[in-house]
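**Q** First the structure, then my questions, so here it is.
The values are calculated or read from the model by the stated rules, or taken from the named source; none is laboratory data. This structure is a prediction, so every number in the text was calculated from the model and none was measured. Using ideal geometry, Cβ is built from the backbone for each residue, glycine included, and neighbour counts are taken over all protein chains shown. For accessibility, only protein heavy atoms count, side chains too; no ligands or nucleic acids. Shrake-Rupley method; radii C 1.70, N 1.55, O 1.52, S 1.80 Å.
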Amino acid sequence: MSALWNRREVVGAGVITSAAIALRPLAWSDEPPSTLRLEDRMTPYPATWYRPYVSRPATGAPSSAWVQIDLGAAVRIDALRLYPNFDDARKSLGFPSRLRVEGADAPSFEPASLLFDSGSTDLPDPGDRISFLSISSAKPVRYVRLTGTTLRPIKKIEGEAPPVFGLSFAKVEVLAANRDVAEGRPASADPVTSNPNDLAQLTRKRRPVGEGIITDNPQNVTDPRSWKQVSYRAEVPRRGVELGDGILREAMENNIDYLLTSFSVDEMLRPFRERAGKPVSPGLRPPISFWDTDLPGSSAGRFLMGAANTLRWQQHDELHRRMNAIVDGIADCRQSDGYIMAYPEDSIMHSERAGYTRSWVTHGLLEAGYTGHPGAFELLRGYYDWFDRCQYLPKLLRGTAQGVQGMVANTRMYFSPVGRPEDIQVVQRFFQENYWLDGLARYDQTMVWQYPYDRPHNYLLTDVEAYFDLYRATGAARYKDAVQGARQLYRNNWEHIGGSIAITEFGEFPPKSYRIKPQFDFCETGELCGSSFWAFLNQRFHLLNPGEETYVTEIEKSIYNVGIANQFDGKGLFYHARLVGKKGDRAVGYCTNSCCEGQGTRLLGSIPEHLYSVVPAGSHPGLYINMFAPSTIRWSQHDNRPGQELKLAMKTTFPYDSGVELSFELSAPRHSVIRLRTPSWATAEMPIYINGTLAVTGKPGSYVALDRTWKSGDTVSFTLPAGFRLTRYTGMDQIEGHERYALEYGAILLAIVGTEDARLWTSGASAESFTSQLKAVTGQPLHFTIDGNPDHHYVPYYSIKEETFTCYPVIDKAPLSG
């Protein structure tokens, strides 16, 4: 409901009675009444959520709180627009039950002119609707104060918790002569409840494409006949990679254990059956709050992402049985119009269902299809025939929480065996944000950390993935320029040492902030899901430009220093990749169907596809060796023709040891170009030997091409030049008078265990000489003692489970003896 007060309803000196309050419910497609000025009729209803001002808690509902705006000069006010704060259910938060508006010439409001007063009448809850309050000020005023004389809760009431009252607006517009004279002007609040952090939001500029939730831009849609699809220069191996014993295989086995012990098939299918009106098995565990209740169906998507990816590389009967049971169970609940989601279609606007849940189920079914389930692709095609024409499309980007995260589901669908141009065109028309594309292309940092719609989040990376796919589909340079800018923005400003993403959905994360301490509860950086998105984005860049080594380095860091590091053996996955303190989260467990579990299990299940990339039939077919692990790959260079298969085995104990040997097993000599990576973390050039003879030397951060005809038994051997890299911490969580440093060995982030406040001493002239004090521990690879620091030692960050640790110890110059 949107409260609408017209001038004729103001009684006396701005005081209104209950009889004078006229209300008119406005549907999403309605405009304000035509009796209003054109400027007012253009006001969008309802609003989109965006970083509201929220006061500190007041003592109770009868308490009052105020905010005021300095207009800079005295003006005659015509009206106010009040933009509400609201929750995921689109119920308002902190909009006052009773409101008084005053004007004055001095900030003390002595004297004050009463402009509006609801008196003893409760104003209706606006929900997510913008409210228009018409005011006729008798004289010009410079200061406007809005006082909530009776307050509403500023937080969503959970269970039996008592309500927390306060005052909140997302934005206040003061209209004079058809202009918002409050824009950019300073705001203040009463000292008792003032929260200075977001006061500037009250008078912020209007956002690039308005404040409403409707997004419909048919002019963005391009004709498929004009598309110039961009082909990858390398391909992901869908099958044929087998891991040997080592840390990567152990990570995949732990991932299988997690998948099989987390939730039962009946628990994952429960919301689908409930929506379809089918019987639900008795004795199931209650749904998990939010993850299951607000995002029903996401647990099934989570399982399919992890299980189906895993089954492309290894057979596991029980995992395969459960994957098939979930896909078949979803099919059993399919509606006649093709709809398959676990939530009723008319609840698509609730929370993150339209983006998050839809994407997860889409990812999961796509992976099941690529694994070989015969019905998975058909299920998705039927659903997207419904989705691409559904009535909710104009509202999904702005009207749902984190609406951008649904784009990648459509673009991945397009590149599937059952994709259609409509899957791309829906994104262009209802989700494409041209101002954002342009901002990313010009390297505008605010596009990331101050994204003007919804809260900034690492989930914006899924948006970038989708625009990359749009570039591949259409060949339009606009998309390419934007995604290149976005990657550089994240790489240069929001990536921790070790590879985790230094921005998430709560708190403030300006460029290069690199926070390693929580700002408040659940406000941390390094979400596992962000690193999963980062890995798959860099995979796209790699496949397009496979000779640029930097993309694989980012994937490698994401796997070792976030994906594996966040595994709690086979029990589950931690949410944040904390760099100081203890792993784990108070607010989110390691087995709750959280976002980081879903994207984490997806990343871990896909590990083998990141080791190699295949160059298909063409002038220079062959293989890219990207990562190093005991493994074999079988691939064909000539469209799977009989007798054309090649097999390569990699023998190594990396990351524990740096030696690597490749060997070929061929039925007959085969010509192939083997492109071998010398990592950017290498500390020297890398000699490469073929059959024991030096053939070429690789430079750090590059690939070398071994172009020859290979025969069975040929070998390629090399030693990765791994070494220490010490990086000074430059972020916001400094320790006064001291410098903190992160230490890496090759691709692996290291940590000090036993304390989060380690202070180390260097005997050299500077901290940079500290690495000479490190000594390898015999029999414990990647463990190092520190000369002069007997109480501390380094271990791989990924190996830490429950110990206290720090990746950023202080390193000081040792005091002079005597």
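**Q** Order 108-114, 362-368 from most to least packed using the mean count of other Cβ atoms within 10 Å.
**A** Going from most to least packed, we get 362-368, 108-114.
**Q** Separate question: If you take every DSSP beta bridge fully contained in the chain, what fraction is antiparallel? Give it as a percent rounded to 5.
**A** 90
**Q** Calculate the spin-label point distance for residue 776 paired with residue 225, positioning each point 7 Å from the Cα along the beta-carbon direction, and give it in nanometres.
**A** Going from the residue 225 label point to the residue 776 one covers 6.5 nm.
**Q** While we're looking at this one, here's another question. Among (i) 27.8; (ii) 29.0; (iii) 31.6, find the value of Kirkwood radius over Cα pairs in Å that was calculated from the structure presented, and write down its label.
**A** The calculated read-out lines up with (ii).
**Q** What whole number of Å gives the distance from the Cα centroid of region 737-753 to the Cα centroid of region 654-669?
**A** Going from one Cα centre to the other spans 31 Å.
**Q** I would also like to ask the following. How high is the FRET efficiency between residue 727 and residue 156 when r is their beta carbon distance and R₀ equals 25 Å, given to the nearest 0.05?
**A** 0.05
**Q** Be a star and scan region 705-734 for residues whose amide nitrogen sits under 12 Å from the point 7 Å along the Cα-to-Cβ vector of residue 684.
**A** 719-723
**Q** Along the charge dipole of the chain, pointing to its positive end and built from +1/-1 on Cβ of Lys, Arg, Asp and Glu, which listed residue (511, 277, 111) has its Cα farthest out?
**A** Checked the options; the winner is 111.
**Q** Structure shown: which of 651/711; 517/801; 517/557; 480/699; 517/813 lie over 23 Å apart, alpha-carbon to alpha-carbon?
**A** 480/699; 517/813
**Q** Something else now. For residue 142, what residues show an amide H to amide H distance below 5 Å, using hydrogens built from the backbone and excluding near sequence neighbours?
**A** Those lying under 5 Å, H to H, from residue 142 are 75, 104, 105.
**Q** Roughly what would the spin-label model give for residue 719 and residue 738, points 7 Å off Cα along C-beta, in nm?
**A** Going by the 7 Å Cα→Cβ label model, 3.7 nm.
**Q** Let me check the size of region 365-429 from its C-alpha atoms; what are the radius of gyration and Dmax in Å?
**A** 12.2, 36
**Q** Just to verify a number: FRET efficiency for residue 392 and residue 477, C-beta to C-beta distance, R0 = 35 Å, to 0.05?
**A** Approximately 0.65, to the nearest 0.05.
**Q** While we're looking at this one, here's another question. Report ³J(HN,Hα) in whole Hz for each residue of region 82-90, in order, from the Karplus equation J = 6.51 cos²θ - 1.76 cosθ + 1.60 where θ = phi - 60°; Gly and Pro get x.
**A** My calculation for region 82-90 gives 10, 9, x, 8, 8, 8, 5, 8, 6 Hz in order.
**Q** Run through all the Cα pairs of region 446-588 and give the fraction in each 10 Å bin from 0, expressed as whole percent.
**A** P(r) for region 446-588, in whole percents per bin: 12, 42, 33, 12, 1.
**Q** Same structure, new question: Give me the extension gain from residue 177 to residue 317: residue separation times 0.36 nm, minus the current Cα-Cα distance, reported in nm with one decimal.
**A** 43.2 nm
**Q** Sorted by packing (mean other beta-carbon atoms within 10 Å per residue), highest first, where do 749-760, 775-786, 589-600 land?
**A** So the peptides 749-760, 775-786, 589-600, ranked by packing, come out 589-600, 749-760, 775-786.
**Q** So how strong a dipole does the chain carry about its Cα centre when Lys and Arg Cβ are +1 and Asp and Glu Cβ are -1, to the nearest 20 debye?
**A** Charge dipole, the chain, about its Cα centre: 1280 debye, nearest 20.
**Q** Further question: Before I look further, what does the chain give for accessible area per residue, probe 1.4 Å, in whole square angstrom?
**A** The answer is 37 Å² per residue.
**Q** Compare the peptides 618-626, 299-307 by average per-residue count of other Cβ atoms within 10 angstrom and give them in order, highest first.
**A** Packing proxy ranking, top to bottom: 299-307, 618-626.
**Q** At a probe size of 1.4 Å, how large is the accessible area of residue 49, to the nearest 10 Å²?
**A** Approximately 60 Å² for this residue.
**Q** Taking the simple approach of a point 7 Å from Cα along Cα-to-Cβ for both residue 656 and residue 434, what is their distance in nm?
**A** In this crude label model, residue 656 to residue 434 measures out at 5.8 nm.
**Q** List the residues, sorted by chain then number, that are 5 or more residues from residue 706 or on another chain and whose placed amide H is less than 5 Å from its amide H.
**A** Hits under the 5 Å cutoff: 674, 675, 676.
**Q** Continuing with this model, one more query. Using only C-alpha atoms and all pairs of different ones, pull out the Kirkwood radius for region 226-317 in Å with one decimal.
**A** 16.1
**Q** Sticking with this one: How much accessible area does residue 532 have with a 1.4 Å probe, in Å² rounded to the nearest 10?
**A** 0
**Q** Would you work out which of 709, 683, 660 lies farthest towards the positive end of the dipole of region 627-755, given +1 charges on the beta-carbon of Lys and Arg and -1 on that of Asp and Glu, about the Cα centre?
**A** Of 709, 683, 660, it is 709.
**Q** Then there is this: Please work out the Cα convex hull volume for region 35-192 and give it in Å³ per residue.
**A** Enclosed volume per residue, from the Cα hull, is 119 Å³.
**Q** Can you give the charge dipole size of region 492-610 about its Cα centre, rounded to the nearest 20 debye, using +1 on the beta carbon of Lys and Arg and -1 on the beta carbon of Asp and Glu?
**A** Here region 492-610 has a charge dipole of around 320 debye.
**Q** Given the C-alpha centroids of region 477-538 and region 224-251, what is the distance between them in whole angstrom?
**A** Between the Cα centres of region 477-538 and region 224-251 lies a distance of 24 Å.
**Q** Considering only protein heavy atoms and a probe of 1.4 Å, how much of the accessible area of region 318-387 is carbon and sulfur, as a whole percent?
**A** Heavy-atom surface of region 318-387 belonging to carbon and sulfur, 1.4 Å probe: 47 percent.
**Q** Students sometimes get this wrong: rank 225, 602, 238 by accessible area, probe 1.4 Å, all chains present, largest first.
**A** 225, 238, 602
**Q** Roughly how many Å is it from the Cα centre of region 350-418 to that of region 670-735, as a whole number?
**A** A separation of 39 Å, based on Cα centres.
**Q** Name the residues whose placed amide hydrogens come within less than 5 Å of the amide hydrogen of residue 98, ignoring near sequence neighbours (fewer than 5 apart) on the same chain.
**A** Counting only residues 5 or more places away or on other chains, the set is 123, 149, 150.
**Q** Using the crude model of +1 on Lys and Arg Cβ and -1 on Asp and Glu Cβ, and no other charge, please compute the dipole size for region 51-151 relative to its Cα centre, in debye to 20.
**A** Dipole size: approximately 120 debye.
**Q** Next question, about the same structure. Anything over 28 Å Cα to Cα? Flag those among 278/571; 91/205; 512/582, in the order listed.
**A** Pairs exceeding the cut-off: 278/571.
**Q** Another question, then. Suppose only helical runs count, i.e. DSSP H with n ≥ 4. What mean residue ellipticity at 222 nm does that imply for the chain under -39500 (n - 2.57) per run, divided by all residues and rounded to the nearest 500 deg cm²/dmol?
**A** Value at 222 nm, helices only: -7500 deg cm²/dmol.
**Q** Another one. Please list 3J(HN,Hα) in residue order for region 158-170, calculated via the Karplus relation 6.51 cos²θ - 1.76 cosθ + 1.60 where θ = phi - 60°; whole Hz, with x for glycine and proline.
**A** Once θ is set to phi - 60°, the couplings for region 158-170 become 10, x, 9, 5, x, x, 10, 9, x, 10, 8, 9, 7 Hz.
**Q** Output ³J(HN,Hα) for region 281-286: one whole-Hz value per residue in order, computed from phi by the Karplus curve 6.51 cos²θ - 1.76 cosθ + 1.60 with θ = phi - 60°, and x for Gly and Pro.
**A** 4, x, x, 7, 5, x
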